[in-house]
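Peer 1: Here you go, one structure.
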Amino acid sequence: MLEKLVRDKIAQENYITIKDFINLSLFHPEFGYYINQNPIGKDADFTTSPEISQIFGEIIAFFLIDFWQRKYPNQQINLIEMGAGQGTLMSDFLRIARQIPAFYQNINIHIIEINQKLIKIQQNRLKDFDIKWWNNFDEFSQNCQNLPIFFISNELFDCFAIDQFILEDDIWYQKVLILEENQLKFDKIKVKTDINLSIPKEFQKNLKNGSIFEKNIAAEEFIRKLSEKISQNNGIAINIDYGYYENFFKDTLQSVKNHKFNNILENIGKSDFTSYVNFHQLAKISMQNKLNVNFMTQREFLLSNGLELRHKILVQSAKKDQDKISLAIDRLIDKNKMGDIFKVMVNYR
């Protein structure tokens, strides 16, 4: 059905942009992948860090509890996770939080989620906690108390739809999809605006013939909203995703199904689309809103916040599966696995 909608849009306008194609595929209110599918888990399409090891959510808990104790002791806060998957990260976080009564008694817990299947899974897993669910950040923002914000996301920003532009003979073109002999195909159209204005001068030296620039307007708009809210209410955001800080101008758009790469033009609405996050641009917007920004790899974040000690405690207390625990942690921090490709951006005030 979604492929038909894509084809209909192309028939009306001669092409569809990459951004519109992704948005239609992922977020169509009736047929979108993120609306209808449960994408997470070994029997689904991909596995996230919280599903790999409980240490991931626990380290985030230790980090944010320490921040609260130093900056906002005895103050109530709004704890929010956006795109909470199967509720695993929040479950691991709250297990640690319960052990710190002064913190636990001062948190108002919120989850922002659009996937109805995942909401049911989250509600079942987190049934012992008092949590409010919201459809989007605006709904939360308009209805919550104006308390300091403690915001968490893991693999959220890679879900926002990108536009792609390609540089050929010093001319920028926008990548689009067309129909040719009734088959979906990539093509390009001339761009009316100056794409160079969107690229920081320090990175323009890396441009060459064939360079691809990915612009994510939705991600930029969201980090602006989030940063404005934290600037207004105070607090902190920790966003974890795969991405880059210095733009390398390559095509990072990919489709995943059943834990394997999928042809982007196949299984429309039944596979995930992701792209690398431009953390440089997100950090710039946060700093424009007077937030402090720390940026590091997932490996650096986990190791600098007590992973080795927590690993030792887990292994010592485990009666079995000690090797399994160690292998999972290795997957999170190994430079050739998730350790370097995943980045952590902390914005705070």
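The values are calculated or read from the model by the stated rules, or taken from the named source; none is laboratory data. Please read these numbers as outputs of a predicted model, since none were measured by experiment. Note that we place each Cβ from the backbone using ideal geometry, even for glycine, and neighbour counts take in every protein chain shown.
Peer 1: From Q164, Q123, Q145, which residue is under 24 Å from L24 (Cα atoms), in contact with a strand residue (DSSP E or B) (Cβ under 8 Å, 6 or more places away or on another chain) and among the polar types (S, T, N, Q)?
Peer 2: Values: Q123 fails: under 24 Å from L24 (Cα atoms); Q145 fails: under 24 Å from L24 (Cα atoms).
Residue meeting the stated conditions: Q164.
Peer 1: Taking E246 as the residue in question, decide whether it is of a type outside the set (A, V, I, L, M) and modelled with pLDDT under 95. Write out each step before concluding.
Peer 2: Values: of a type outside the set (A, V, I, L, M): yes; modelled with pLDDT under 95: yes.
When the stated conditions are applied, E246 passes them.
Peer 1: Only one of F56, F150 is under 17 Å from the mean Cα position of the chain (by Cα) and assigned to a strand (DSSP E or B). Can you tell me which? Give the derivation first.
Peer 2: Numbers: F56 fails: assigned to a strand (DSSP E or B).
Only one candidate qualifies: F150.
Peer 1: Considering each of K201, K215 in turn, give the residue that is closer than 30 Å to R349 by Cα and surrounded by 12 or more Cβ atoms within 10 Å (Cβ to Cβ).
Peer 2: K215
For (1) within 19 Å of E266 (Cα to Cα); (2) within 19 Å of the chain's Cα centre (by Cα); (3) among the basic types (K, R); (4) outside any helix (DSSP H, G or I), each residue gets a yes or a no:
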{"residue": "E3", "(1), (2), (3), (4)": "yes, no, no, no"}
{"residue": "A61", "(1), (2), (3), (4)": "no, yes, no, no"}
{"residue": "L64", "(1), (2), (3), (4)": "no, yes, no, no"}
{"residue": "I80", "(1), (2), (3), (4)": "no, yes, no, yes"}
{"residue": "M90", "(1), (2), (3), (4)": "no, yes, no, no"}
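Every residue, every condition in (1) surrounded by 19 or more Cβ atoms within 10 Å (Cβ to Cβ); (2) in contact with an Asp or Glu (Cβ under 7 Å, 6 or more places away or on another chain), yes or no:
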residue	(1), (2)
L24	yes, no
Q54	yes, yes
G57	yes, yes
W68	yes, no
K71	no, no
R95	no, no
P101	no, no
I107	yes, no
N115	yes, no
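Peer 1: Name the one entry in K215, K188, K225 that is touching a strand residue (DSSP E or B) at 6+ places or on another chain (Cβ under 9 Å), among the basic types (K, R) and either closer than 18 Å to L26 by Cα or in contact (Cβ under 8 Å) with a residue 24 or more places away in the chain (or both).
Peer 2: Values: K188 fails: either closer than 18 Å to L26 by Cα or in contact (Cβ under 8 Å) with a residue 24 or more places away in the chain (or both); K225 fails: touching a strand residue (DSSP E or B) at 6+ places or on another chain (Cβ under 9 Å).
Exactly one of K215, K188, K225 is touching a strand residue (DSSP E or B) at 6+ places or on another chain (Cβ under 9 Å), among the basic types (K, R) and either closer than 18 Å to L26 by Cα or in contact (Cβ under 8 Å) with a residue 24 or more places away in the chain (or both), namely K215.
Peer 1: Between I264, I285, I313, I238, which is within 30 Å of P73 (Cβ to Cβ), without any contact (Cβ under 8 Å) to a residue 24 or more places away in the chain and either crowded, with 20+ Cβ neighbours inside 10 Å or out of contact with any Asp or Glu (no Cβ under 8 Å at 6 or more places or on another chain) (or both)?
Peer 2: When all the criteria are applied, what remains is I313.
Peer 1: Let me ask something else about it. Evaluate the following for L156: is it crowded, with 18+ Cβ neighbours inside 10 Å and closer than 22 Å to K343 by Cβ?
Peer 2: Numbers: crowded, with 18+ Cβ neighbours inside 10 Å: yes; closer than 22 Å to K343 by Cβ: yes.
It is true that L156 is crowded, with 18+ Cβ neighbours inside 10 Å and closer than 22 Å to K343 by Cβ.
Peer 1: All but one of (1) of a type outside the set (D, E); (2) crowded, with 19+ Cβ neighbours inside 10 Å; (3) under 26 Å from R299 (Cα atoms) hold for N78; which doesn't?
Peer 2: (3)
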